[in-house]
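These notes concern the structure reproduced below.
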Amino acid sequence: MNDSWYRASVPVAAPRAQLAGALDADVCIVGAGFTGLSAALELAEAGRSVIVLEAEDVGWGCSGRNGGQINPGVACDHSRVVRELGEAAARKVWQLGVDGVALLRDRVARHGIDCDLKWGILLVANKARQVPELRAWQQELGELGYDRLEFHDRAALQGLLRADYHAGVMDWGGGDLHPLKYAQGLARAAEQAGVRIFERSAVLSYAEEGGAVAVQTAGGQVRAGHLLLAGNAYLGKLLPWHRKGFMPIGSYIGATRPLGDLATELIPSRAAVCDMNTLIDYYRLTPDNRLLFGGRASARDARPDALRQTMRQRMAQVFPQLAGEDFEYLWGGQVAMTMSKAPVFGRLGRRVLYTQGYSGQGVALAGLAGKLMADTVLGDAHNFDLMARWRHLPVPPGAPLQTAIRALALLWYRLQDSRQ
């Protein structure tokens, strides 16, 4: 499932040690992805001792498999945030989302992380009815003081993207990167700051006892003043079912062979692209001119090869020139989607924090979530508590029921996307 171009394009990392024996730390973090590594780096730079426990290896989950697209804000419409939290709080949430992109930019520069970072992302309208929505979105963010958006009508869009869309907005405040390189760079920065990362050290259980949290793995135990659950869609049973405000949706990406000059002919701007459907197509070019094409959603954890033909057809619908192309790499993973598309922030008791449910917008948002958890441990909880005010419907227990609900939701989204 993780036989990705990302893995193939980076040197094989030396494995880190497994947890063995009993250790103490100020903070224990579950998950070595964007959220956990961001929190770990922030806490270590503030002088706290930190241990990160990862069931697989750094970036194994969504942080090392995703589309690599960077978007400011949260995944749901700003108007929905206003309805849920009120105007003033919604403006603060938007600014936090912008701050999340700035945090990513700063960390790449400050720690010298080579992750193919570039700026510019296109949101494109599949249908004529979506063009007014695109205009309204640009106006809405302009009223929030965000001036990085450029509207392009159908003709002008051809100078940026040679595909059949009705219009597009270029967001120069977003962009794309190599997510696994970024995760590995965060891990190196965290370790240089003193963080201890243990791989292949799945957490089996945890419990508050004696003024601390005892965290148990097969090989050892960590006692810490705080525990941060940062495994997102891969936390399993570590979070009670009624606290899970998301469902895992299968998402898949293919990488073509290097396309040479054809790559820039397809996307002259070389910007990352995302369409406006609910079940989106998203794609971008790599430095070696492959097209990474993703977005096929599944209610089940399907084998990527079973979706190869569907993925090729979707790619050819966007770029007919690629109708004869196959994928050299095809991989998938679980995206934690909430009903509202807003992320979930919460507490369990006095010493356990969790964040999850970034709904496909986690490249910058997950890093922000990690920072907000770290801020809370360090004594400043106001932004974490703001995000935790959002009310999320609990996910019903039981895999069969969840799969059926996901299938019905995906069917509804497909019907909505098929409207002209």
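Here, each number is a calculation from the coordinates, and none is a lab measurement. These figures come from a predicted structure and were not determined experimentally. Cβ coordinates were reconstructed from backbone atoms using ideal geometry, including for glycine residues, and neighbour counts include every protein chain displayed.
Annotation: amide H-H contacts under 5 Å for G174 (H modelled 1.01 Å from N, sequence separation of 5 or more, or interchain): G120, I121.
Over the chain, what is the relative contact order in whole percent, taking alpha-carbon pairs under 8 Å and six or more residues apart?
On the way: 907 pairs, mean separation 105.4, N = 420.
Computed value for the chain: 25 percent relative contact order.
In terms of Cα atoms, the Rg and Dmax of the range 230-369 work out to 17.4, 57 Å.
From the alpha carbon centroid of the range 224-275 to that of the range 331-365 is 12 Å.
Of A13, A75, A202, which is the most mobile in a GNM of the chain whose springs link Cα atoms less than 10 angstrom apart? Fluctuation is largest for A13. Have a look at L186, G175, Q69 and report the one farthest towards the positive end of the charge dipole of the chain, computed about the Cα centre with Cβ charges (Lys/Arg +1, Asp/Glu -1). About the Cα centre, the residue reaching furthest to the positive side is Q69. Projected onto its three principal axes, the C-alpha set of the range 5-388 covers 66, 46, 38 Å, listed from the longest axis down. Estimated from helices alone, the mean residue ellipticity of the chain at 222 nm is -10500 deg cm²/dmol (sum of -39500 (n - 2.57) over DSSP H runs with n ≥ 4, per residue). Computed from backbone phi with θ = phi - 60° and the Karplus coefficients 6.51, -1.76 and 1.60, the 3J(HN,Hα) list for the range 341-348 is 6, 8, x, 9, 10, x, 10, 10 Hz; x is used for glycine and proline.
Quick one: which of 33-39, 382-388 comes out on top by average Cβ neighbours within 10 Å, and what's the full order, highest first?
Details: 33-39: 32.3, 382-388: 17.3.
Listed from highest to lowest mean packing, they are 33-39, 382-388.
Bridgeable lysines around K237 (alpha carbons under 27 Å apart, same-chain partners fewer than 8 residues away excluded): K341, K371.
Among 362-373, 90-101, sorting by the average number of other beta carbon atoms lying within 10 angstrom of each residue, highest first, gives 362-373, 90-101. Protection proxy ranking, highest mean first, for peptides 321-328, 224-231: 224-231, 321-328, where packing is the per-residue count of other beta-carbon atoms within 10 Å, averaged.
Averaging Cα coordinates gives a centre for the range 59-118 and one for the range 180-217; these two points are 23 Å apart.
Compactness of the range 1-87, taken as the C-alpha radius of gyration over 2.2 N^0.38 Å, stands at 1.44. Under the convention that each Lys and Arg Cβ holds +1 and each Asp and Glu Cβ holds -1, the size of the dipole of the chain around its Cα centre is about 860 debye.
Restricting the calculation to alpha carbons of the range 88-242 gives Rg and Dmax of 21.6, 67 angstrom. 3J(HN,Hα) along the range 151-160, derived from phi through the Karplus expression 6.51 cos²θ - 1.76 cosθ + 1.60 where θ = phi - 60°, amounts to 7, 10, 6, 4, 5, 5, 4, 4, x, 10 Hz, with x in place of Gly and Pro.
The string of couplings for the range 128-142 from the Karplus curve (6.51, -1.76, 1.60, θ = phi - 60°) is 4, 5, 8, 5, x, 5, 5, 4, 5, 4, 4, 5, 4, 6, x Hz, one whole number per residue in order, with x for Gly and Pro.
Candidates W5, A214, S49 compared by Cα position along the dipole of the range 5-388: farthest toward the positive end lies A214, with charges placed on Cβ.
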